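The block underneath contains the structure these notes are about, expressed in structure tokens.
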Amino acid sequence: MATLGPNQGDAVRIGVYICHCGINIAGKVDVADVTQFAASLPGVVVARDYKFMCSDPGQELIQQDIREHGLNRIVVASCSPLMHEATFRRAAAEGGINPFFFQMANIREHVSWVTADKAAATEKSRALVAAAVSRVGGHEALERQRVAVKPDVLVVGGGIAGIHAALTLADSGKTVYLVEREPTIGGHMAKFDKTFPTLDCAACILTPKMSLVRQHPNITLWTYAEVADVSGYVGNFSVTVRRKPRYVIEDRCVGCNACVEACVFKEGKFADEFNYGLAKRKPVYMPFPQATPSVVLIDPATCLHFKTGKCKQACKAACERDAIDFDQRDELVEIEVGAIVVATGFQPFDAERVPEYGYGQYPGVYTSLEVERLVNASGPTGGEITLRDGRVPKAVGIIHCVGSRDHATNKYCSRVCCMYSLKLAHLVKERTGAEIYNFYIDMRTPGKGYEEFYDKLLEEGVHFIRGRAAEVTDWTMTPDEEGKLVIRAEDTLIGAVRRIPVDMVVLSVGLEAQADAGEVRRLFNISCSHEGWFLERHPKLAPVSTFTDGVFLAGACQGPKDIPDTVAQAGAAAAEAMALIDKGYVELEPNTAFIDEERCSGCKTCIAMCPYSAISFIADARVARVNEALCKGCGTCVAACPSAAAQQHLFTDDQIFDEIAGVLSYV
Amino acid sequence: MTYLYYPGCSLKGTGRGYEESLLAVFDALQLPWAEVKDWNCCGATAYMAVDEVKAFTLAARNLAIAREQGGETAQVIAPCSACYLVLCKAQHVIHDAPEIGARITDALGAAQLTYGPRVQVRHPLDVLINDVGTERLAAAATAPLRGRRVACYYGCQMVRPYATFDDQYAPTSMDRVLRAMGAETVDWPLKTRCCGGTLTGTIEDVGLRLNYILLREAKKRGADAIATACPLCQFNLECYQDKISAVYGASRLPVLYFSQFMGMALGLSEARLGIQRNFVPLAAAV
Amino acid sequence: MSDGTFQPRIVAFFCNWCTYTAADLAGISRMSYAANVRVVRLMCSGRLDPQFVVAALRQGADGVLIGGCHPGDCHYQVGNHKALRRFTLLKRLLGQLGIEDERVRLEWIAASEGDKVQRVINEMVAQVRALGPLGLTAIPRPHGEAAAVPPCCAE
């Protein structure tokens, strides 16, 4: 650790700390050189380099120097301010100076990790340090505004992630609003038969939790509803929820299904969403027997009353509780919450996008989710695995990685398909005795008990062919292929192309971000990865937080994951939300705008700039004034002010000009 | 706008029937065309394997002279699948591999030629589907191909890797064109399966087997003829039928260019369509 | 870097939520790129006062890069739209002053687009390098490069 002597100068007394970050920075940046350079800058009293500035001894170093050298400004050159700005501000405050007398230079993410050449990295670090030093002298002491946090929480999405998060929060005494866009909660998990690797029945473990949600005094459940608008900020979100008309008054319906039986359609006629069209439903229907809430709904796209206006409305007549209401409209509900858990899940990959596998072309080709419904005892076939033509398959091919690990569709691994393919292989073999062929690229079974499950399948005599299937086709080479679907694949373990005739093909479709992830992301002001998965604040250290404080992520909306991981993450998101709410207040970043009324000409230019209506015109004083409680700190008004009367704390014109001068001053 | 017709070697040789019928169809549909003046070999796939830069320069020269002839947005029609692929690939390389692209444009510059990035390479099926449209085609079909069941065979190079106007795996443009002409097209999964390319000349038994599969499956699905858009596919599928029959049993099926079928529907004479050049007479299956 | 080739100095103004985060992501993903760009963080591209760009150019920057969220993605709803409006006006002014188009650039870079940070910076450094020093001010350059002489004073 190098220490350089004090450079006595003016009233501003700056301490500069160059972090090695182990070898993360020191491996690329000549930290001793940058330290020496920093010591030569005007106002710098102490400049040091140290292995890990964020460690306790690193922070102690700053505090000690504040005491010993009377420092009143601190610069730390280390990682991104998004990573450790809060840490060092706290260190400065504990050392006895205002935490905003601090500036950070990002020489890790922006320098050492992205620069090949050592000399160039050192030079760039010097420039960034010079900029920080130049700027910090002009920093002002600021106070954080404390704002009380609203005690309620919104959970968006009623799959297993949202259910678990809502129950955890509700059990801790929080009032929770759970909003689900489908008519029932349960999500994808409600469609599964068994769960891997334990093969416990999905319904047996999920439906009790669904009922708990319904019964919990602290949970307000709105199904068939969507979040329409979100405004506000951490601790103080205003949310508008749109409840879509189900044409059934929820409080009156007891789920007796009398209306369904009475419907003028004697048989189900329309593709049943819950069973992926493998069964038919009527226009008035219960999504599935354990639907929660146990309330029917009417689909206006297929209901005769809505389509023709000429229906005898047998359903309405059959309802003893007069629950059918054809005049229902969208209903908007406003709620105020302190935190939001986004648990909007995934959508399965559309298998028709891989035409060579024949989905939608050959009736014998199914997606894995359709097969989940076929093996499910409460599914369309009562758990009998029969093909669309009624035959029981004698040979079944399961093609892995459909829409995953594929440069033409999705490059990422969907993480769950190997395991659910094994599960389906086991279930189909158990029920039908069919020969099962798995076509896989790699078997990926990391997880507790997962590899053991794979071993068990190997022993059960399921066939594993290592190679990506090329196509599913019906052209034949030999008489025993006649009438079958042929899977062509290169078996890379024997080095030959194989043709496997089967009766049923199961496409193990990957997980994709929801189709409307882009809109949902904008609604909650969070970010997406390229693939549409919501972006966590930090991949390791803040996996359930987002870049918008107060908005947390749970489940597959953040990336493909299995049920155990989803539940764990939902618990984490709930805990983070709880920590925020139990604290009772948030401290806002004091980067709000303000108006120097002496300079303000009253031109009102700034007022039109503000998207939050935070600026108002004070008629008698003929000046603009910022309401700091409404200001979010973007600075757009500041840039627009023609007389530099509008300024932004932490980003004043002078501070930015100083930073520009500094970044260009190095030689 | 005049379409600039780039014949390549095949349409002046083994694929004469393709040239005759396609140009007759263009005339009948009043699509103005002119042959690219002083065109040269596209280089096909063979040259690419020897020297990429020279091969693409050779191909790009055709695009540069097409630009001189037809202007910045000239549209080059490449009926042969290999030509179509190579010309597309040359464009792709010039755009996406700037270093190679610079060498190609430099080489063209040495011959006082300028590569024009806006020159378009198009397949005749693209023109028929997107510029003419099936409605106009159907209206022009004075002698619709009623009762004819055709298996449309696209081969590989037309849609792979550049699926610019049709699906890479299950293309439909030829089916739509011939259906507009009144024919019935059979649904089969072998539309883009390999015809063997040059294998019939090198590893004959493999080449014959591949073509046998195509002929047999087309027949099995009720086709009375195969329509192709590639001179090499047509050659492989038609010329080896005697040998295929000797190995695998009777496998005779007429193989025509889609443009020959179109010409028939448009009421053009067989002679104008080069149908007399085909080895397997169409009548055999009807 | 010290082989005598002209090393342009580029000042970048990145918004906190998208482009700055994307630059962090480029770092986390170890995407190597030219070291000539120094980032000044703003909360929003809407904070960008055109004077910042002029100040940077006047004080020796050879180029200025502005990064904001994609349209529709602004953390503050429409700050990036305001930035675009100011940028368009500023570009006309700079053009009239004879400052080449490539020297001042606005890019929308989302938090997930670390690769775009790398691409844009490399591209811009190459373009500005090809243009040579802007030379609005005579500044000593590191590694013995010749001091830039403003074109107006060259004679």
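Below, the figures for the structure above:
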quantity	calculated
Test: residue in the range B:181-192 that is assigned to a helix (DSSP H, G or I) and not charged (D, E, K, R)	no
Hits in the range A:301-314 (condition: in a loop (DSSP other than H, G, I, E, B) and under 17 Å from A:Gly268 (Cβ atoms))	A:Ala301, A:Thr302, A:Cys303, A:Cys311
Exclusive hit being modelled with pLDDT of 95 or more, more than 14 Å from chain C (Cβ to nearest Cβ) and at positive phi, set A:Gly555, A:Gly510	A:Gly555
Strands (runs of 3 or more DSSP E) wholly inside the range A:84-159 containing at least 1 residues that are surrounded by fewer than 18 Cβ atoms within 10 Å (Cβ to Cβ)	A:145-148
Some residue of the range A:561-575 being under 30 Å from A:Cys418 (Cβ atoms), under 36 Å from the mean Cα position of the chain (by Cα), not in a helix (DSSP H, G or I) and not assigned by TED's automatic domain parsing to the domain that holds A:Pro446	yes
Matching residues, the range B:22-50, being in contact with a helix residue (DSSP H, G or I) (Cβ under 9 Å, 6 or more places away or on another chain) and part of a helix (DSSP H, G or I)	B:Leu22, B:Leu23, B:Ala24, B:Val25, B:Phe26, B:Ala28, B:Ala44, B:Thr45, B:Ala46, B:Tyr47, B:Met48, B:Ala49
Residues being buried (at least 21 other Cβ atoms within 10 Å of the Cβ) and at pLDDT below 95 - total across the range A:42-60	0
Qualifying positions in the range A:361-407 - among the aliphatic types (A, V, I, L, M), under 20 Å from A:Met443 (Cα atoms) and not in a strand (DSSP E or B)	A:Leu369
Matching residues, the range A:586-644, being of a type in the set (Phe, Trp, Tyr) and touching a residue at least 24 places away in the same chain (Cβ under 8 Å)	A:Phe594
Complete set of residues in the range A:467-490 that are more than 10 Å from chain B (Cβ to nearest Cβ) and in contact with a helix residue (DSSP H, G or I) (Cβ under 6 Å, 6 or more places away or on another chain)	none
Residue that is buried (at least 17 other Cβ atoms within 10 Å of the Cβ), of a type outside the set (Lys, Arg) and not assigned by TED's automatic domain parsing to the domain that holds A:Glu471, where the choices are A:Ile385, A:Ile324	A:Ile324
One residue from B:Ala110, B:Ala102, B:Ala143, B:Ala138 being closer than 30 Å to B:Met262 by Cα, surrounded by fewer than 19 Cβ atoms within 10 Å (Cβ to Cβ) and over 23 Å from the mean Cα position of the chain (by Cα)	B:Ala143
Single residue of A:Leu650, A:Leu664 found to be surrounded by 16 or more Cβ atoms within 10 Å (Cβ to Cβ), part of a loop (DSSP other than H, G, I, E, B), facing chain C (nearest Cβ under 10 Å) and touching a residue at least 60 places away in the same chain (Cβ under 8 Å)	A:Leu650
Residue identified as among the acidic types (Asp, Glu), under 21 Å from B:Asp131 (Cβ atoms) and not in a strand (DSSP E or B) among B:Glu68, B:Glu19	B:Glu19
Those residues of the range A:616-637 which are of a type outside the set (Gly, Ala, Ser) and in a strand (DSSP E or B), in sequence order	A:Phe617, A:Ile618, A:Val623, A:Arg625, A:Val626
Hits in the range C:58-88 (condition: touching a Ser or Thr at 6+ places or on another chain (Cβ under 8 Å), basic (Lys, Arg) and more than 9 Å from chain A (Cβ to nearest Cβ))	C:Arg58
Qualifying residue in the range A:77-90 (condition: farther than 19 Å from A:Lys28 by Cβ and of a type in the set (A, V, I, L, M))	yes
Lone qualifier among A:Thr308, A:Thr292 - being of a type in the set (Val, Ile, Thr), within 27 Å of A:Cys204 (Cα to Cα) and not assigned by TED's automatic domain parsing to the domain that holds A:Asp193	A:Thr292
Those residues of the range B:220-237 which are over 16 Å from B:Tyr154 (Cβ atoms) and crowded, with 17+ Cβ neighbours inside 10 Å, in sequence order	B:Asp224
Options A:Glu336, A:Glu370, A:Glu331: the member that is touching an Asp or Glu at 6+ places or on another chain (Cβ under 8 Å) and either crowded, with 17+ Cβ neighbours inside 10 Å or at pLDDT 95 or above (or both)	A:Glu336
Residue, nearest to the chain's Cα centre (by Cα), within the range C:31-61, restricted to residues that are at pLDDT 95 or above and of a type in the set (D, E, K, R)	C:Arg38
Whichever residue in the range A:521-530 is in a loop (DSSP other than H, G, I, E, B) and within 9 Å of chain C (Cβ to nearest Cβ) and, among such residues, is surrounded by the most Cβ atoms within 10 Å (Cβ to Cβ)	A:Ser527
Selected residue (only one of C:Leu89, C:Leu97, C:Leu65, C:Leu93 is within 15 Å of the chain's Cα centre (by Cα) and among the hydrophobic types (A, V, I, L, M, F, W, C))	C:Leu65
Test result for B:Pro124, in contact with a Pro (Cβ under 9 Å, 6 or more places away or on another chain) and either closer than 17 Å to B:Cys42 by Cβ or outside the structural domain of B:Val255 (by TED's automatic domain parsing) (or both)	yes
Residues of the range B:237-276 classified as outside any helix (DSSP H, G or I) and acidic (Asp, Glu), total	1
Any strands (runs of 3 or more DSSP E) falling wholly within the range C:1-115 and containing at least 2 residues that are under 22 Å from A:Ala593 (Cα atoms)	C:10-15, C:37-42, C:63-68
Entirely in the range A:408-481, the strands (runs of 3 or more DSSP E) that have 1 or more residues that are charged (D, E, K, R) and over 19 Å from A:Leu374 (Cβ atoms)	A:463-466, A:469-473
Any chance A:Glu628 is touching a Phe, Trp or Tyr at 6+ places or on another chain (Cβ under 8 Å), away from chain C (no Cβ under 14 Å) and at pLDDT below 95	yes
Matching entry among A:Ala105, A:Ala93, A:Ala127, A:Ala116 (being touching a Pro at 6+ places or on another chain (Cβ under 7 Å) and of a type in the set (Gly, Ala, Ser))	A:Ala93
Some residue of the range B:177-199 being surrounded by fewer than 20 Cβ atoms within 10 Å (Cβ to Cβ), among the acidic types (Asp, Glu), under 18 Å from the mean Cα position of the chain (by Cα) and more than 30 Å from B:Glu68 (Cβ to Cβ)	no
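The values are calculated or read from the model by the stated rules, or taken from the named source; none is laboratory data. These numbers were taken from a predicted model, which means no experiment stands behind them. Note: ideal-geometry Cβ built from the backbone for every residue, glycine included; neighbour counts use all protein chains shown.
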